[in-house]
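Okay, structure first, notes after.
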Amino acid sequence: MTAATCPREESSLGRVQDLLADFFDEATARASSYGPHFERLWREAGRSVSGGKLVRPLLLLNAYDALTSEGARSRRPAARGEAVERLAVAVELLHYAFLLHDDVIDGDLLRRGRPNLVGEILGDCHRDVVDASRALHWAQTCGILMGDLLLSASHQGFARADVPQAERLRLLDLLDLTITDSVAGEQVDVGLSDGVVDPELATILDMTTRKTATYTFELPLRMAAVLAGAPGGVERRLGRIGRHLGLAFQLQDDLLCAFGDPELHGKDRYSDLREGKQTAIIAAARATPEWPRVEALLGEAARSEENAATLSGLLAECGAQARVVELAERELRSAGELIHAPVGELPVGVRRVLLDLIGQLRGRSS
């Protein structure tokens with residue numbers, strides 16, 4: 001999936017990248033007074049963030065541009081563009097905070113095909129710490145603490161946004177809802193993997209929506225509506241569309257992890273299968289006659305890549321892969337129907353952005 005969802009000025013995209021780089025450069029400089037380990041932590045965090053697709057900031061920027069290009073821009077002050085860019089940075093910091101905590105919970109050491117923050121810190125401290133378990137504990141602790149710092153930084157970005165007070169409070173409400181939804185989804189995700197929560201397909205789909213869709217698509221779209229001064233009905237419609245798009249996006253992520261090319265998607269090969277995650281794919285397999293064979297292999301997938309590859313093949317053979325492809329397509333169709341619905345019709349520009357995004361999601365390989 002490419003980062004852009006509509007032709008936004010390259011200078012604006014570059015501005016967000018520059019603001020992110022400035023944020024980490026300034027934080028790293030401040031961290032030096034706390035000692036070399038804290039400075040190193042910030043430096044590695046900045047390195048890990050660089051090269052990301054910026055899906056969420058770009059969606060916010062593009063949706064905002066589309067909503068303000070049809071008569072509303074004249075009502076927006078010239079300085080609003082910078083405020084929106086800084087809020088886009090805050091959204092990306094929120095994303096990275098969630099990723100860091102998720103990596104620790106899942107025990108992942110790679111992201112986009114290279115060591116994530118935990119993996120980088122782990123590799124660095126092996127030279128000084130002989131005990132491997134202590135080295136891993138140190139690295140994961142660093143991941144948790146940086147996630148905490150970035151959650152705080154994201155909140156500061158929202159709280160200090162140079163927008164009218166009523167809009168700022170609305171944005172803070174959206175941030176609070178987003179964090180609560182995502183944390184609740186993460187808790188259920190872990191409960192599913194650990195056997196605490198029953199792995200029903202409906203539960204898994206609800207968890208996926210809360211954990212990923214809320215902050216990846218719903219939050220940027222609703223923020224764009226608030227910042228553009230759009231009617232409440234437009235904000236709510238965009239939120240519903242965002243939930244459908246986000247669920248489709250995560251279902252596709254699950255498919256890529258189980259069946260895709262790691263050279264393209266950048267995740268550990270078969271990581272979800274090796275970790276025993278209760279994804280929609282596994283729930284779909286549970287409803288097939290091949291479930292006893294799948295269940296037997298689930299416990300073996302962590303032992304070797306060969307076992308995980310065998311499980312992947314069986315999940316495709318039993319129809320689970322096709323079922324989840326169908327579920328993802330259903331969500332994209334539902335989003336499309338909401339985009340085209342005549343009641344409270346969306347502005348043409350934002351419809352174009354969303355339809356282009358649907359097209360990109362249908363062609364995802366990474």
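The numbers here are math on the coordinates, done by the rules we state, and not lab data. Predicted model only: the values in this text are computed from it and were never measured. Note that each Cβ is placed from the backbone with ideal geometry, even for glycine, and that neighbours are counted across all protein chains shown.
Quick look at the numbers
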{"quantity": "Amide H contacts under 5 Å for ARG111, placed H, 5+ residues apart", "calculated": "ASN116"}
{"quantity": "Share of Cα-Cα pairs in region 231-292 lying beyond 18 Å, as whole percent", "calculated": "51 percent"}
{"quantity": "Global form of region 192-275, assessed from the alpha-carbon gyration tensor, a/c cut-off 1.5", "calculated": "oblate"}
{"quantity": "Fewest-first sequence of ARG222, ARG30 by Cβ atoms within 10 Å of each Cβ", "calculated": "ARG30, ARG222"}
{"quantity": "Rg(Cα)/(2.2 N^0.38 Å) for region 119-267, N = residue count", "calculated": "1.28"}
{"quantity": "Cβ-based exposure ranking for ILE204, ILE144, ILE339, ILE281, in which fewest neighbours within 10 Å come first", "calculated": "ILE144, ILE339, ILE204, ILE281"}
{"quantity": "Computed [θ] at 222 nm, deg cm²/dmol, the chain (DSSP H ≥ 4; -39,500 (n - 2.57); rounded to nearest 500)", "calculated": "-23500 deg cm²/dmol"}
{"quantity": "Per residue convex hull volume, Cα atoms of region 169-224, in Å³", "calculated": "59 Å³"}
{"quantity": "Rough spin-label spacing in nm, given labels placed 7 Å along Cα→Cβ, for GLN165 and TRP291", "calculated": "5.7 nm"}
{"quantity": "Assigned charges on the beta-carbon of Lys, Arg, Asp, Glu; region 189-267 dipole about Cα centre (debye)", "calculated": "580 debye"}
{"quantity": "Area projected by the alpha carbon convex hull of the chain, averaged over all directions, nm²", "calculated": "18.7 nm²"}
{"quantity": "Dipole axis of the chain (+1 Lys, Arg; -1 Asp, Glu on Cβ), positive-most option in THR212, LEU171, HIS137", "calculated": "LEU171"}
